[in-house]
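The values are calculated or read from the model by the stated rules, or taken from the named source; none is laboratory data. Since the structure is predicted, the reported quantities are computational estimates derived from the model, not experimental observations. No Cβ is skipped: glycine too gets one built from the backbone with ideal geometry, and neighbour counts run over all protein chains shown. Note: areas computed on protein heavy atoms with side chains; ligands, DNA, RNA excluded. Shrake-Rupley method; radii C 1.70, N 1.55, O 1.52, S 1.80 Å.
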Amino acid sequence: MKYKMTDFAAKHGMTLAKGRVYGVFEGYRVQVDYSPFGNPRCLISVAAHIAGKQKAAVEKYLDSHRRDIGISNFGVIGIGLMVSPKMTGEVFARAESVLEKICAQLKKIGIAGADVCPYCGQPLGGAGILTTESDIAFRAHEECFERVYAGAKRKAAEEEAKPDKKPLGMLGGFLGALFGAVVFVLTYAWWGIGALGTPVGILLGFYLYRKFGAKKKLFSVAWAGAAGLVLSLAALVFGLYMDAREAGGGWQNLFDAALAGGRGTVFFALNLALTAVSAAAATVYIYLSYRRDRRTAADKMKRLEE
């Protein structure tokens, strides 16, 4: 029988929420997030006060025992650690195995568990509150949480006050799309299919929009998607012109091969369809990235109901 999230939660007396389960496991506050289409699909978090030599020891253990633990990536952050398990077999059987090994090592190193505030490392003594940071649930001193939350709000306000260099961002988005168009032309010349350049242009344009000093807003998604699609279509027209020149014609013969039937028509239809599909997919991807990244650290912090 498949070992599901509900089975894992029931076995360890943990709380179920949408796409996650959290609670105490082997004396530590842990959380397991799972989304079949997420990246990563599964993320395991252990909330603990890890600092100084202990942080170095934990990082060394996770790095040198990746294969033994069964993880692909890890990070030690201000409130504990996060790991991505390798997705082999049943997800929550794997998560349970990973947590057993990590919690045993944390005890061996001497890192305190759920009875200690992850922020200051001092005992909670029953005075803690249930809260989240980076969407990870754990208990902490109320004064520690309020201090960190105030700092996150202040940093978000400072970031929002920075000037939005939108014209420069648009230039960056255009340059990214232009690079994608070059890739389109080259792959069209080599293989007859150039649609690979479309997602390259959109993704790079979205990245450069922000790197050129503009703020990542909804307009950045629209600009990168539109610029990538328009320049890809321009690259397709240029590819058709190259085909016409090779056949001894010019601009007036641009669509001769596409309309003549046979191989020319098939390749034209394929390029058009793949360009549209890849542009839509890349635009959806950057939109989801925008939705995810627009949340500030303060947005990911809140008090939970007991």
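Scanning the range 149-159 turns up no residue that is in contact with a helix residue (DSSP H, G or I) (Cβ under 6 Å, 6 or more places away or on another chain), open to solvent by less than 40 Å² (accessible area, probe 1.4 Å) and in contact (Cβ under 8 Å) with a residue 60 or more places away in the chain. Remark: G23 falls outside the filter, which requires a residue to be at pLDDT below 90, closer than 23 Å to L130 by Cα and not in a helix (DSSP H, G or I). Listed by first and then second residue, the pairs with beta-carbon distance under 8 Å, at least 6 apart or on different chains, first residue in the range 1-18 and among the aromatic types (F, W, Y), second part of a loop (DSSP other than H, G, I, E, B), are Y3/E90; F8/M14. Highlighted here are the strands (runs of 3 or more DSSP E) found entirely within the range 50-148 that include at least 1 residues which are small (G, A, S) and touching a Phe, Trp or Tyr at 6+ places or on another chain (Cβ under 7 Å): 136-141.
I'm trying to understand the selection: among the residues of the range 188-241, which are open to solvent by 30 Å² or more (accessible area, probe 1.4 Å), farther than 16 Å from F174 by Cβ and not in a helix (DSSP H, G or I)? Correct list: I193, L196, K215, K216, K217.
Quick one: which of S84, S64, S35 is of a type in the set (G, A, S) and without any contact (Cβ under 8 Å) to a residue 12 or more places away in the chain?
On inspection, the qualifying residue turns out to be S64.
Checked against (1) under 29 Å from V221 (Cα atoms); (2) open to solvent by 20 Å² or more (accessible area, probe 1.4 Å); (3) under 27 Å from the mean Cα position of the chain (by Cα); (4) of a type in the set (V, I, T), I77 passes all but condition (1).
Residues are listed down the side, and each one gets a yes or a no for (1) of a type outside the set (D, E); (2) on the phi > 0 side of the Ramachandran plot; (3) out of contact with any Gly (no Cβ under 8 Å at 6 or more places or on another chain):
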| position | (1), (2), (3) |
| --- | --- |
| V116 | yes, no, yes |
| P123 | yes, no, yes |
| D135 | no, yes, yes |
| R139 | yes, no, no |
| F145 | yes, no, yes |
| K153 | yes, no, yes |
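Condition check: hydrophobic (A, V, I, L, M, F, W, C), within 21 Å of A112 (Cα to Cα), touching a residue at least 60 places away in the same chain (Cβ under 8 Å) and touching a strand residue (DSSP E or B) at 6+ places or on another chain (Cβ under 8 Å). Does V58 satisfy that? In short, no.
Tally up the residues in the range 26-38 that are closer than 15 Å to E100 by Cβ, in a strand (DSSP E or B) and not β-branched (V, I, T), please.
The number of residues fulfilling the criteria is 1.
Taking the criterion of being open to solvent by less than 50 Å² (accessible area, probe 1.4 Å) and not β-branched (V, I, T), the residues of the range 274-284 that qualify are S278, A279, A282.
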